[in-house]
């Protein structure tokens, strides 16, 4: 079973994505406070990371750099998911695997998730 890490400081957005993952039979670890990321990860291995870009203290770009420097995430697709769809080119240039604009499209999400878990890139805005 796929295991996904979701990092988003907004409880509502975290809940929506968590529910969508659960409907697809995907296990997930939800992190609302990036400062507690190491405790939440433990020894788990992840098949993908969904990372919000706008968070207090450490934004998604800084967290992306931290994850990319961590050997556990070397080959794990990191997906930017954000309401700031104008950031799509910045995200692409930084080396994110994929981009999903908020609000997520519930009808398209199962196929998008499947592609991401297979290693295919998805670049989608609402």
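The values are calculated or read from the model by the stated rules, or taken from the named source; none is laboratory data. These numbers come from a predicted model, not from an experiment. Here the Cβ positions follow ideal geometry from the backbone for every residue, glycine too, while neighbour counts run over all protein chains shown.
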Pairs with Cβ under 6 Å, 6+ apart, first in region 92-112 and within 12 Å of residue 20 (Cα to Cα), second outside any loop (DSSP other than H, G, I, E, B): 109/20
Residue, farthest from residue 1 (Cα to Cα), within region 76-101, restricted to residues that are modelled with pLDDT of 95 or more and assigned to a loop (DSSP other than H, G, I, E, B): 95
Residue list for region 7-27, restricted to those being within 21 Å of residue 83 (Cα to Cα) and part of a strand (DSSP E or B): 7
Residue count, region 36-56 (criterion: touching a residue at least 12 places away in the same chain (Cβ under 8 Å) and loosely packed, with under 11 Cβ neighbours inside 10 Å): 2
